[in-house]
1. Residue under question is Glu85, and the condition is that it be in contact with a Gly (Cβ under 8 Å, 6 or more places away or on another chain), within 28 Å of Ser134 (Cα to Cα), in a helix (DSSP H, G or I) and open to solvent by 40 Å² or more (accessible area, probe 1.4 Å); does it hold?
2. For segment 2-24, check the following and say yes or no: at least one residue is closer than 28 Å to Glu216 by Cβ, in contact with a Lys or Arg (Cβ under 8 Å, 6 or more places away or on another chain), of a type outside the set (Phe, Trp, Tyr) and crowded, with 19+ Cβ neighbours inside 10 Å.
3. Can we say Ser155 is in contact with a Phe, Trp or Tyr (Cβ under 8 Å, 6 or more places away or on another chain), outside any strand (DSSP E or B), polar (S, T, N, Q) and open to solvent by less than 20 Å² (accessible area, probe 1.4 Å)?
4. Quick check on my filter: what residues within segment 88-115 are in a loop (DSSP other than H, G, I, E, B), open to solvent by 60 Å² or more (accessible area, probe 1.4 Å) and touching a Ser or Thr at 6+ places or on another chain (Cβ under 7 Å)?
5. Among (1) more than 16 Å from Trp154 (Cα to Cα); (2) open to solvent by 50 Å² or more (accessible area, probe 1.4 Å), where does Arg35 come up short?
6. Could you tell me which residue of segment 209-230 is farthest from Ala80 (Cα to Cα), considering only residues that are open to solvent by less than 10 Å² (accessible area, probe 1.4 Å) and in contact with a Lys or Arg (Cβ under 7 Å, 6 or more places away or on another chain)?
7. If Leu173 satisfies every condition in (1) at pLDDT below 95; (2) over 11 Å from the mean Cα position of the chain (by Cα) but one, which is the exception?
8. Could you tell me whether segment 133-151 includes any residue that is assigned to a helix (DSSP H, G or I), open to solvent by 10 Å² or more (accessible area, probe 1.4 Å) and closer than 15 Å to Lys28 by Cα?
Amino acid sequence: MEELLIAQRFCGPPNSGNGGYSCGLLSKNITGACRVRLHQPPPLERALTITKAEGQWFLKDGDQLIGSAQPAELTLVPPAPPTFEQARGAEKNYRGHTQHSFPTCFVCGPSRAKGDGLRLFCGTVEGQEMVACSWQPHPDFLDKAGNVKHEFIWSALDCPSYFALNSDKTCLLGQMTAAIDKPVPGDQALIIYAWERSIDGRKHYSAAAVSTSEGEVLARAEHLWIEIKQ
């Protein structure tokens, strides 16, 4: 059994952990592609436990199940990413600049300072059905080899996929399946891009990828977002 605490810094909504970051922490125990389901919003600043049973990993707050993870197959083939210049240009179209449900979100919150949050501001790419932004990882998010740490790659693949949804409804991450295909270097600017897949009632499906500025895909993910009842 492992113990885990999600610090306030890594919030999504103000009182719960960012979905991608939380999924990334749980998925670190699994080699290769992994599917993580969030059963409850991950609590902050609480002693949580990670246990393994029957090939799955479980994140719990006492007896309450927060998340579950298992190996998965990810057949997703991302479309070609936009150019680095297009990704940079799309940042001015980020709708979170004017209206954001969770402005202090670790990944996409405009209220977070540089180096504190990831500040991934994915906006619509002109002429394409996707959103994108550039990303220069901060040294705090790198491992000893100079690559982006596992949980921060999952974080970067999370919120951009929400902003790819053709909806202004507030949604929470329900499930994420991701694969880190190659190390994500921290010493160069990257492209984050995402696109919508489908909608089924309150269920919204999207996907995202991380690539180099030259367009080589390094990591990819599929998402299920659940629309919050108003």
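The values are calculated or read from the model by the stated rules, or taken from the named source; none is laboratory data. Since this is a predicted model, take the numbers as computed values, not measurements. Heads up, the Cβs are rebuilt from the backbone with ideal geometry, glycines too, and the neighbour counts pull from every protein chain shown. Surface areas here come from the heavy atoms of the whole protein model, side chains and all, with no ligands, DNA or RNA. Shrake-Rupley method; radii C 1.70, N 1.55, O 1.52, S 1.80 Å.
1. no
2. There is no residue in segment 2-24 that is closer than 28 Å to Glu216 by Cβ, in contact with a Lys or Arg (Cβ under 8 Å, 6 or more places away or on another chain), of a type outside the set (Phe, Trp, Tyr) and crowded, with 19+ Cβ neighbours inside 10 Å.
3. Numbers: in contact with a Phe, Trp or Tyr (Cβ under 8 Å, 6 or more places away or on another chain): yes; outside any strand (DSSP E or B): yes; polar (S, T, N, Q): yes; open to solvent by less than 20 Å² (accessible area, probe 1.4 Å): yes.
Taking the combined requirement at face value, the residue satisfies it.
4. Ser101, Ser111 - these are the residues of segment 88-115 that are in a loop (DSSP other than H, G, I, E, B), open to solvent by 60 Å² or more (accessible area, probe 1.4 Å) and touching a Ser or Thr at 6+ places or on another chain (Cβ under 7 Å).
5. Just one mismatch for Arg35, condition (1).
6. Looking at residues that are open to solvent by less than 10 Å² (accessible area, probe 1.4 Å) and in contact with a Lys or Arg (Cβ under 7 Å, 6 or more places away or on another chain), I get Leu218.
7. Failing condition for Leu173: (2).
8. Applying the first criterion (assigned to a helix (DSSP H, G or I)) to segment 133-151 yields 139-141, 150-151.
Retained after the next criterion (residues that are open to solvent by 10 Å² or more (accessible area, probe 1.4 Å)): 139-140, 150-151.
Subsequent filtering for residues that are closer than 15 Å to Lys28 by Cα retains 150-151.
Among the residues of segment 133-151, at least one is assigned to a helix (DSSP H, G or I), open to solvent by 10 Å² or more (accessible area, probe 1.4 Å) and closer than 15 Å to Lys28 by Cα, which makes the answer yes.
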